[in-house]
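What follows is calculated from the coordinates using simple rules that are stated; it is not laboratory data. This structure is a prediction, so every number in the text was calculated from the model and none was measured. Cβ sites come from the backbone with ideal geometry, for glycine too, and all protein chains shown count toward neighbours.
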Amino acid sequence: DTEVTQTPKHLVMGMTNKKSLKCEQHMGHRAMYWYKQKAKKPPELMFVYSYEKLSINESVPSRFSPECPNSSLLNLHLHALQPEDSALYLCASSQDLRSVFYEQYFGPGTRLTVT
Amino acid sequence: RKEVEQDPGPFNVPEGATVAFNCTYSNSASQSFFWYRQDCRKEPKLLMSVYSSGNEDGRFTAQLNRASQYISLLIRDSKLSDSATYLCVVSYTGGFKTIFGAGTRLFVKA
């Protein structure tokens with residue numbers, strides 16, 4: 001079962017709101033990712049967690065705060081976002097990053113609109 | 001220069017046609033290569049990993065040329081359902097870094 005789930009599917013929030021995106025996988029993967037995708041553009045890597053530790057932060061603004069409570073869950077906390085942060089936020093997971101091939105499996109994404 | 005570059009699209013082909021996409025990467029430390037497809041407003045789905053010796057999965061063939069730093073995807077006997085955006089993906093072993101190409105849009109017409 002190569003399933004990654006994400007909630008909510010859609011989210012509309014004001015610039016002063018605080019919200020969280022959630023991602024879950026039960027494939028025993030030890031690496032989890034957050035991506036941002038704008039319309040007609042490819043996904044852009046934001047964060048990578050390996051064994052529940054943050055391994056990569058691609059210079060993402062602090063208004064995005066990731067959290068990995070355990071090996072199956074990944075959250076993205078949002079605060080004081082800007083309208084230009086509106087995008088599709090994708091979560092992905094893969095096997096141990098020390099493997100040679102570590103295909104990533106994506107969740108369906110959360111479509112975020114900041115008003 | 002972008003780290004991963006793909007053929008500009010869109011490609012418009014009739015059903016049954018053979019179509020090829022190319023992708024070049026600039027970082028010679030790149031270790032792993034993949035092709036994903038993405039349908040409109042959906043998540044990327046893994047199509048195939050690309051191995052050094054080349055690999056085939058039904059109508060799809062992927063090849064890697066490390067010397068020239070490019071990968072390719074060949075689709076034979078195109079189906080209407082192949083219409084999608086095809087994304088070339090490059091990863092760096094141990095660096096956890098994953099970079100997507102801009103994608104090539106394919107339209108297969110009846």
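Peptide packing: for A:42-55, A:16-29, the average count of neighbouring Cβ atoms within 10 Å per residue gives the ranking A:42-55, A:16-29, highest mean first.
In the protein assembly as shown, what percentage of the DSSP-assigned beta bridges are antiparallel, given to the nearest 5? If you can, show how the numbers build up before the last one.
Working: 74 of 82 bridges.
In the protein assembly as shown, approximately 90 percent of DSSP beta bridges are antiparallel ones.
Remark: mean inter-chain Cβ contacts per residue of B:30-40 equal 2, using a 10 Å Cβ-Cβ cutoff to other protein chain atoms. The alpha carbons of the protein assembly as shown stretch over 51, 38, 37 Å along the principal axes, in descending order. Cross-link partners for A:K9 among the aspartates and glutamates, with Cα-Cα distance under 20 Å and sequence neighbours closer than 8 places in the same chain left out: A:E24, A:E44, A:E67, A:E84, A:D85, B:D39, B:E43.
Remark: relative contact order (chain A) = 37 percent; criterion is Cα-Cα distance under 8 angstrom and separation of 6 or more residues. Gyration tensor analysis over the Cα atoms of chain A returns equivalent ellipsoid semi-axes of 23, 14, 13 Å (largest first, whole Å). The fraction of Cα-Cα pairs per 10 angstrom bin, counted from 0 for chain B, comes to 15, 49, 30, 6, 0 percent, rounded to whole percents.
Based on alpha-carbon atoms, the Kirkwood radius and the radius of gyration of the range B:11-71 give Rg/Rh equal to 0.99.
Pairs of Lys residues in chain B that lie 8 or more places apart, or on two chains, and have C-alpha atoms under 20 angstrom apart add up to 5. Cysteines in chain A that lack a partner Cβ within the 4.7 Å cut-off: A:C68.
Among the cysteines of chain B, those with no neighbouring cysteine Cβ under 4.7 Å are B:C40. Counts of other chain beta carbons within 10 angstrom of each beta carbon in peptide A:56-62 average 1.
Our note on the geometry: Cα centres of the range B:14-34 and the range A:61-115, 26 Å apart.
Rg over Rh for the range A:1-69 works out to 0.96, both radii taken from alpha-carbon positions and Rh defined as the Kirkwood radius.
The mean number of partner chain beta-carbon atoms within 10 angstrom of a residue's beta-carbon across peptide B:96-103 is 6.
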